[in-house]
1. Say whether the condition of being more than 23 Å from residue 124 (Cα to Cα) and either surrounded by 11 or more Cβ atoms within 10 Å (Cβ to Cβ) or in contact with a helix residue (DSSP H, G or I) (Cβ under 9 Å, 6 or more places away or on another chain) (or both) is met by at least one residue in the range 51-65.
2. Which helices (runs of 4 or more DSSP H) sit wholly inside the range 43-124 and have at least 2 residues that are of a type in the set (S, T, N, Q) and touching a residue at least 24 places away in the same chain (Cβ under 8 Å)?
3. Output the number of the condition that residue 99 fails; it satisfies all remaining conditions of (1) within 15 Å of the chain's Cα centre (by Cα); (2) modelled with pLDDT of 85 or more; (3) among the hydrophobic types (A, V, I, L, M, F, W, C); (4) over 20 Å from residue 36 (Cβ atoms).
4. So, in the range 19-57, how many residues would count as being closer than 21 Å to residue 97 by Cβ and among the β-branched types (Val, Ile, Thr)?
5. In the range 125-172, what residues are of a type in the set (A, V, I, L, M, F, W, C) and outside any helix (DSSP H, G or I)?
6. Determine whether residue 148 is in contact (Cβ under 8 Å) with a residue 12 or more places away in the chain, within 18 Å of residue 47 (Cα to Cα) and surrounded by fewer than 20 Cβ atoms within 10 Å (Cβ to Cβ).
Amino acid sequence: MSKTMKITLAIIAAVIILLILPMISTFNSLTTLSAAADGQWANVEVQLQNRWDLLPRLETYLSTQRIQEKGIFDNIAQARTQYGSAKSTSDKMAAAGEVESAISRLLVVMENYPQVKTNDLVIVLNSQAEGTENRLRVERMRFNEAIQLYNTKAKVFPSNVIAGIFGFGQRAYFELPDKAALNAPKVNL
């Protein structure tokens with residue numbers, strides 16, 4: 001092999017390496033950001049589960065007080081079932097939004113029952129619910145920040161080329177259907 005042939009092969013190898021290394025780096029970066037978003041979604045799910053664990057206790061107490069808001073608890077149960085059967089994160093987000101809406105309606109109804117507000121159990125549940133809603137709001141915000149980082153990386157050039165080649169599509173933010181529900185519901189029992 002001649003010296004010019006070796007130099008030519010070395011130049012071709014260097015060019016290939018210079019093209020492949022940024023592709024590998026971009027792929028790894030997109031994979032890392034996607035995994036971070038998945039991790040943040042898991043944190044949101046933990047807080048949603050905490051919220052749902054409080055609801056049966058509240059429903060049991062309200063039924064002992066003869067407060068029958070069957071429609072609201074049916075809506076919560078239906079949304080929870082939808083959440084459990086949801087296959088995609090977007091479907092889970094929609095079901096979680098339905099639960100948020102039903103809880104807001106329940107809190108409005110409970111305002112009409114002064115005897116409920118002074119019960120020790122309700123005071124404890126109120127405190128737990130406020131904490132859960134605040135943690136949920138924080139985790140939802142962190143999830144959306146992770147999605148923003150991922151989506152930005154997947155949109156900018158040249159990352160968008162690599163994202164397209166390897167199937168890294170845009171991901172949805174966790175947006176509540178009712179913009180008024182962006183703040184945690186006021187739990188004032």
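1. no
2. Because the criterion is at least 2 residues that are of a type in the set (S, T, N, Q) and touching a residue at least 24 places away in the same chain (Cβ under 8 Å), the helices (runs of 4 or more DSSP H) in the range 43-124 that meet it are 89-110.
3. All conditions are met except number (2).
4. Adding up the residues that qualify gives 2.
5. 156, 157, 168, 172
6. In short, no.
The values are calculated or read from the model by the stated rules, or taken from the named source; none is laboratory data. Treat the numbers as computed from the prediction; the structure is a model and nothing was measured. Reconstructed Cβ throughout: ideal geometry from the backbone, glycine too, with neighbour counts over all protein chains shown.
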